[in-house]
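Trainee: Dumping the structure here so I can ask a few things about it.
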Amino acid sequence: MRVVVADTGPLHYLVLIGEAELPHRLFGRVIIPDTVQAELRHPHAPDLVREWIASRPSWIDVMPAGPIGALPLPALGVGERAVIALAESLRADLILVDDRAGTLAARRRGLAAVGTLGLLDLAGRQGLVDVRRAVSRLKATNFRIRPGILDALLAQHSGQG
């Protein structure tokens, strides 16, 4: 069984596009640090996201992040640092993170990392999601990515639909 630790971003956007179950369908259980749970509950989070985490699915486990102050990653937010710290302590197989600096820092520390688009790509390859429809929904959110990256993803899944 794979150990997967998730940051706020991928869960947030998957909820908004109606694909919140993808991590469960891909990996089974997903672990989030308590700081990520707090970010998902934040008053500025969209209602849909706050409602989702309020009735947290049984496949999401919440754990304390542990000591993140010792991590030499000052450019990262508390969520990304907590995810990396928890992933290292659990010897996670994968972290889910959208933040580019967080992804780079995780990879430098030997952790495999994938973001929302990577999850959609993986799920699309397994026939679990219509990538074109999911990307269309994602474009309607405040998700930010260079258009060329979206175009490349869509080109890889051009036979869907």
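Trainee: When VAL62 is evaluated against the numbered criteria (1) hydrophobic (A, V, I, L, M, F, W, C); (2) in contact with a Leu (Cβ under 9 Å, 6 or more places away or on another chain); (3) modelled with pLDDT of 95 or more, which criterion, by number, is the only one it fails?
Mentor: Tallying (1) hydrophobic (A, V, I, L, M, F, W, C); (2) in contact with a Leu (Cβ under 9 Å, 6 or more places away or on another chain); (3) modelled with pLDDT of 95 or more, VAL62 fails exactly one: (2).
Trainee: Now, a different point. Yes or no: the stretch 119-133 includes at least one residue that is surrounded by 13 or more Cβ atoms within 10 Å (Cβ to Cβ) and of a type in the set (Gly, Ala, Ser).
Mentor: Looking for residues that are surrounded by 13 or more Cβ atoms within 10 Å (Cβ to Cβ) and of a type in the set (Gly, Ala, Ser), one finds at least one in the stretch 119-133, hence yes.
Trainee: Report, ordered by the first and then the second residue, all pairs with beta carbons closer than 7 Å, sequence separation of six or more or different chains, a first member in the stretch 50-64 that is farther than 22 Å from LEU90 by Cα and of a type outside the set (Lys, Arg), and a second member that is in a loop (DSSP other than H, G, I, E, B) and at pLDDT 95 or above.
Mentor: Cβ pairs passing all conditions: TRP52/ALA20.
Trainee: Which ones in the stretch 83-122 are polar (S, T, N, Q) and either in contact with a helix residue (DSSP H, G or I) (Cβ under 6 Å, 6 or more places away or on another chain) or farther than 21 Å from ALA134 by Cβ (or both)?
Mentor: SER89, THR116
Trainee: Ok, one more. Considering each residue of the stretch 105-149, count those that are closer than 12 Å to PRO23 by Cα and of a type in the set (Val, Ile, Thr), and give that number.
Mentor: Looking only at that region, the number is 3.
Trainee: So how many residues does the stretch 107-130 have that are aliphatic (A, V, I, L, M) and farther than 26 Å from LEU154 by Cα?
Mentor: Qualifying residue count, the stretch 107-130: 1.
Trainee: When the stretch 134-161 is examined, which residues are found to be surrounded by 12 or more Cβ atoms within 10 Å (Cβ to Cβ), assigned to a loop (DSSP other than H, G, I, E, B) and at pLDDT 90 or above?
Mentor: Matches in the stretch 134-161: THR141, PHE143, HIS157.
Trainee: I'd like to know if the stretch 110-127 contains one or more residues that are under 16 Å from THR8 (Cβ atoms), in a loop (DSSP other than H, G, I, E, B) and more than 13 Å from the chain's Cα centre (by Cα).
Mentor: Looking through the stretch 110-127, none of the residues is under 16 Å from THR8 (Cβ atoms), in a loop (DSSP other than H, G, I, E, B) and more than 13 Å from the chain's Cα centre (by Cα).
Trainee: Being out of contact with any Asp or Glu (no Cβ under 8 Å at 6 or more places or on another chain), basic (Lys, Arg) and without any contact (Cβ under 8 Å) to a residue 12 or more places away in the chain: is that true of ARG91 here?
Mentor: No, not satisfied.
Trainee: Determine, yes or no, whether GLU19 is assigned to a loop (DSSP other than H, G, I, E, B), surrounded by 15 or more Cβ atoms within 10 Å (Cβ to Cβ), within 13 Å of the chain's Cα centre (by Cα) and touching a residue at least 12 places away in the same chain (Cβ under 8 Å).
Mentor: Yes; evaluated as a whole, the condition is true for this residue.
Trainee: Evaluate the stretch 36-57: report whether one residue or more is outside any helix (DSSP H, G or I), at pLDDT below 95 and open to solvent by less than 20 Å² (accessible area, probe 1.4 Å).
Mentor: No - not one qualifying residue is present in the stretch 36-57.
Trainee: Which pairs have Cβ atoms under 9 Å, sit 6 or more apart or on different chains, and link a residue in the stretch 137-154 that is within 18 Å of PRO10 (Cβ to Cβ) and in contact (Cβ under 8 Å) with a residue 12 or more places away in the chain to one that is among the basic types (Lys, Arg) and open to solvent by 90 Å² or more (accessible area, probe 1.4 Å)?
Mentor: LEU150/LYS139
Trainee: Does HIS12 count as modelled with pLDDT of 95 or more, in a helix (DSSP H, G or I), over 16 Å from ASP98 (Cα atoms) and open to solvent by 20 Å² or more (accessible area, probe 1.4 Å)?
Mentor: no
The values are calculated or read from the model by the stated rules, or taken from the named source; none is laboratory data. Bear in mind that the values here come from a model prediction, so they are computed numbers and not experimental data. Neighbour counts run over all protein chains shown; Cβ positions are idealised from the backbone, glycine included. Ligands, DNA and RNA are excluded from the accessible area calculation, which covers all protein heavy atoms including side chains. Shrake-Rupley method; radii C 1.70, N 1.55, O 1.52, S 1.80 Å.
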